[in-house]
Amino acid sequence: DTDLDSASFDVVCLLESSCYALDKGKLIEEAVRLLKPGGRLVVADGFLQKTELAEEEQEMLDRWMRGWVVPNVLSREQFGRHLEESGFEDISFVEITENILPTSLRMHQIAKVIYPCTAWAHRLGFCSERLKNHWYSARSQYHFFTDGIACYGIFSARKAG
């Protein structure tokens, strides 16, 4: 609940923030409430490519979510269903994973060096568990995208009316 006036926006844009919502359905319902009839919702974020993960993939995903304090991640199909169920029309999804891979790779390379240092610093009591987990997340994200576990894309949907 943003406490903003209903039907007061032409566009609601969520840039790498929908992943932090505990309940994605409620997030989308709030966007519906905020948008004027015919208004557009645009969501750019990471989404799972599959809902059935191997045990190793699930463990890596759980640890990644802890590191960036992400409560859950939906597949693009699940997120799209929430949009449909909320009454959005003209729903489209454009996958742009290739566009974010260079930055994700740089982050991976930096974290590959920093993560072992933070792991040792954590063992010695010089840094928090959260900071150590953050660098794990930065290191592992690249693999989510290149191993087909996740994709990065943009949803666009129009509120009916």
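Go through region 116-131 residue by residue and tally those that are open to solvent by 30 Å² or more (accessible area, probe 1.4 Å) and assigned to a helix (DSSP H, G or I). Give the steps one after another, and end with the answer.
Filtering region 116-131 down to residues open to solvent by 30 Å² or more (accessible area, probe 1.4 Å) leaves 116-117, 120, 122-126, 128-131.
Checking which are assigned to a helix (DSSP H, G or I) leaves us with 116-117, 120, 122-123, 129-131.
Counting residues in region 116-131 that are open to solvent by 30 Å² or more (accessible area, probe 1.4 Å) and assigned to a helix (DSSP H, G or I) gives 8.
Scan region 107-124 and report the pairs whose first residue is free of Cβ contacts under 8 Å to residues at least 12 places away in the same chain and whose second residue is open to solvent by less than 50 Å² (accessible area, probe 1.4 Å) and of a type in the set (Lys, Arg), with Cβ atoms within less than 7 Å and a gap of 6+ or a chain change.
Between residues of region 107-124 that are free of Cβ contacts under 8 Å to residues at least 12 places away in the same chain and residues that are open to solvent by less than 50 Å² (accessible area, probe 1.4 Å) and of a type in the set (Lys, Arg), the close pairs are 122/132.
List, please: which pairs have Cβ atoms under 7 Å, are six or more places apart or on different chains, and start with a residue in region 83-97 that is assigned to a strand (DSSP E or B) and end with one that is of a type in the set (Ser, Thr, Tyr) and surrounded by 12 or more Cβ atoms within 10 Å (Cβ to Cβ)?
Pairs that qualify, where the first residue is assigned to a strand (DSSP E or B) and the partner is of a type in the set (Ser, Thr, Tyr) and surrounded by 12 or more Cβ atoms within 10 Å (Cβ to Cβ), are 92/156.
Which ones in region 25-57 are more than 25 Å from residue 146 (Cα to Cα) and open to solvent by less than 20 Å² (accessible area, probe 1.4 Å)?
Our first condition is that a residue be more than 25 Å from residue 146 (Cα to Cα); within region 25-57, this holds for 25-41.
Scanning region 25-57 gives 25, 28, 31, 34, 35, 39, 41.
The values are calculated or read from the model by the stated rules, or taken from the named source; none is laboratory data. Since we're looking at a predicted model, the values are computed, not measured. Backbone-built Cβ (ideal geometry, glycine too); neighbour counts: all protein chains shown. Keep in mind that these areas ignore ligands, DNA and RNA; they rest on the heavy atoms of the full protein, side chains included. Shrake-Rupley method; radii C 1.70, N 1.55, O 1.52, S 1.80 Å.
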